Amino acid sequence: MLFSASGVEFTSVCLPMAKNIVCNNALFLSAIFSLLILLALPCAAASPPEILYGYVDHSGKWVIPPRYAHAFRFYYGRALVIDDSNRELFLDKSGKQVARESADGITIARNDRGQLIFVDKTGKQIGPSYYELGGFDPDTGLAYASLPATNPSLHHFSDKTGYVDRKGHIIIPLQYDSAGTFSEGLAVVSHTVPFSYWLFFTGHTDKYEVIDPTGKIVIPSEKIPGVIVNGFSEGLCVVDEKGEERYMDKTGAFAMGKAVFGIGGPFQEGLAYAVKAGPVDFSVPMYFGFIDHTGKWVIKPKFTKVSNFCEGLARVQLEQFEKPFGYIDKTGKFVIPLKYKEAGDFKEGLAAVLESKSGSDEWKYITKQGKTAFSIPHAHSAGIFSEGLAPVGIVNPQAKPSKPPAH
């Protein structure tokens with residue numbers, strides 16, 4: 001993911017979704033299924049999608065032709081796609097539709113209310129129906145799951161959350177108001193608790209805890225003074241306390257001494273993006289750099305947008321307002337110059353970029369040396385490679401372009 005000078009996530013290359021969670025399979029799937037729950041409800045057939053998605057291989061050949069309204073990366077031989085009727089489908093690498101298999105022949109499906117259920121080989125449902133089901137963590141085999149809300153409202157669709165295994169068994173009771181994906185053997189959960197202020201005024205706040213795969217509290221809420229921003233990565237997570245962010249280790253102790261940051265990102269490949277602490281002034285750019293595990297600035301803050309390091313390179317932007325992207329190495333040296341309108345993370349040795357030539361835009365994949373591997377004619381967007389395939393969208397010639405909003 002990219003972060004902009006305003007501190008807001010900026011998704012550049014990947015397919016339409018709220019977050020492009022890179023280099024982390026479990027977190028990525030968790031975000032997908034949280035995002036797509038509203039799309040899963042039956043609806044009438046709509047007009048043809050403006051963009052059609054399919055999958056290309058490392059040579060640029062279409063392995064799965066573009067015919068889906070949305071398409072996501074492959075994990076464990078399966079990819080989630082959305083057809084033009086907003087149905088969730090899973091494909092294998094040949095493009096054949098397959099079940100969302102969990103373990104030992106148990107599959108995950110949706111009932112007639114759009115809720116997620118586990119089904120055994122005989123078609124019998126295992127356990128309750130869920131509003132939301134996250135991606136399974138490959139190490140613990142657990143996924144967070146939440147029940148549908150008893151009285152759903154605009155801002156409250158789900159009830160308590162816990163953790164289930166691949167066979168649909170509830171391993172950690174559904175008792176939390178929010179729960180994150182397990183990462184490095186730990187998960188962040190929270191309870192919403194009421195509080196009073198100014199005599200008769202009341203409100204609610206979240207108390208965070210860190211648990212292990214048995215549900216045991218490893219770091220109690222008393223040791224967490226603020227909001228946990230993300231899960232553990234390379235042994236550390238970020239805690240935000242009144243706009244200042246610090247790194248906490250797996251014992252609940254704060255690392256890096258007294259170092260605090262305006263924004264602290266997750267560690268990846270030994271480095272994390274960060275912004276210096278201080279008053280936020282949105283009238284001036286916010287500059288990102290990279291720190292190591294001691295809190296030392298390895299690459300000084302000078303970029304207005306950055307991504308995590310993937311395969312030794314990070315995409316960056318030096319200025320705001322549609323300025324070009326390039327790639328730096330871990331010393332901060334530009335390996336690929338600032339020349340692309342959009343740029344994605346490197347995976348499997350390739351990255352998707354959007355380059356302007358002679359007044360027209362062209363999507364293509366480049367190598368880590370900045371050489372063109374292949375271009376994709378008529379492409380609208382291009383995603384990250386996973387398991388040898390990348391999702392790519394092209395303009396649907398049969399769709400009517402959407403009209404710009406009236407002013």
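Values in this text are rule-based calculations from the coordinates and carry no lab data. Nothing here was measured: the structure is a model prediction, and the numbers come from that model. Cβ: placed from backbone, ideal geometry, glycine included. Neighbour counts: every protein chain shown.
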With respect to the cross-link table entries Lys302/Lys368; Lys223/Lys347; Lys61/Lys339; Lys96/Lys167; Lys93/Lys339; Lys305/Lys371, which display a Cα-Cα separation exceeding 30 Å? Lys223/Lys347; Lys93/Lys339
Sparse-neighbourhood loop sites, trypsin sites (Lys or Arg not before Pro) in segment 329-375 - DSSP loop, at most 16 other Cβ within 10 angstrom: Lys330, Lys333, Lys341, Lys368, Lys371
Just how far, in whole angstrom, is segment 318-337 from segment 243-271 if you go by their alpha carbon centroids? 24 Å
Quick check: the distance between the Cα centres of segment 80-122 and segment 351-388, to the nearest angstrom? 31 Å
What does the C-alpha gyration tensor say about the overall shape of segment 44-120? Classify as rounded when a/c is under 1.5, otherwise prolate if a/b is larger than b/c, or oblate. oblate
With θ set to phi - 60° and the Karplus curve 6.51 cos²θ - 1.76 cosθ + 1.60, what are the ³J(HN,Hα) couplings of segment 116-124 in order, to the nearest whole Hz, using x for Gly and Pro? 7, 9, 8, 10, 7, 5, 8, x, 7
Ordered by residue, what ³J(HN,Hα) values in Hz, to whole numbers, does segment 138-145 give under the Karplus form 6.51 cos²θ - 1.76 cosθ + 1.60, where θ = phi - 60° and Gly and Pro are x? x, 7, 8, x, 10, 9, 6, 9
Need one word for segment 311-395: rounded, prolate or oblate. Basis is the Cα gyration tensor (sqrt eigenvalues a ≥ b ≥ c); a/c below 1.5 gives rounded, then a/b vs b/c decides. oblate
Output row, site Lys330, 7 Å Cα→C-beta label point, backbone N cut-off 13 Å, window segment 275-292, residues 291-292
With θ taken as phi - 60° and the coefficients 6.51, -1.76 and 1.60, list the Karplus ³J(HN,Hα) couplings across segment 208-221 in order, rounded to whole Hz; mark glycine and proline as x. 9, 9, 10, 10, 9, x, 8, x, 5, 6, 8, 10, x, 4
